[in-house]
Amino acid sequence: MFVANGTPLRAFFTGSLIWGLAACGGGGAESPVVDPFYPEASAEWTLVWSDEFDGDALDLGNWDIQTGDGSEYGLARWGNDELQWYTEDNLVVEDGLLRVEARSEQVVPGFPYT
């Protein structure tokens, strides 16, 4: 008999938790050591696209900057309830890298991040 606020239900869940933790315990077994796999360069492989970010601005021939909350693209809040508002100001290209900065700032009400 299980009762919502009773001891039998509590005992059942406590026992299940203890059993589950014991079943997951390491027990001293060693993890195997596996060498990393680095595929050899091959004539089969062909580079089909790259961007080296060798400038001080994003190459708009390679990239499309999507701003806002995704509604313009049919994905309100980018389809997963994101709290950020995307802006071009968060993109920085320097030293051969593209950096997308996350900031705690509100530029549009209801979106506390950019």
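Just so you know, all these numbers are worked out from the coordinates, no wet-lab data involved. What you are looking at is a predicted structure, and each value in this text was computed from that prediction instead of being measured. Virtual Cβ from ideal backbone geometry, glycine too; neighbours counted across all protein chains shown.
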Specify which of the listed residues (G110, G61, G96, G68) is surrounded by fewer than 12 Cβ atoms within 10 Å (Cβ to Cβ), over 25 Å from W49 (Cα atoms) and not hydrophobic (A, V, I, L, M, F, W, C).
G110
Residue count, region 37-86, condition touching a strand residue (DSSP E or B) at 6+ places or on another chain (Cβ under 8 Å) and aliphatic (A, V, I, L, M), comes to 4
Cβ-Cβ distance below 9 Å, separation of 6 or more or different chains: which pairs start in region 69-80 with a residue that is within 16 Å of Y113 (Cα to Cα) and end on one that is part of a loop (DSSP other than H, G, I, E, B) and charged (D, E, K, R)?
D69/E82; G70/E82; A76/D69; R77/D69; W78/D69
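Residues checked against (1) among the acidic types (D, E); (2) touching a residue at least 12 places away in the same chain (Cβ under 8 Å); (3) part of a loop (DSSP other than H, G, I, E, B):
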position	(1), (2), (3)
S31	no, no, yes
A41	no, no, yes
E44	yes, no, yes
L47	no, no, yes
D51	yes, yes, yes
A57	no, yes, yes
G61	no, no, yes
R99	no, no, no
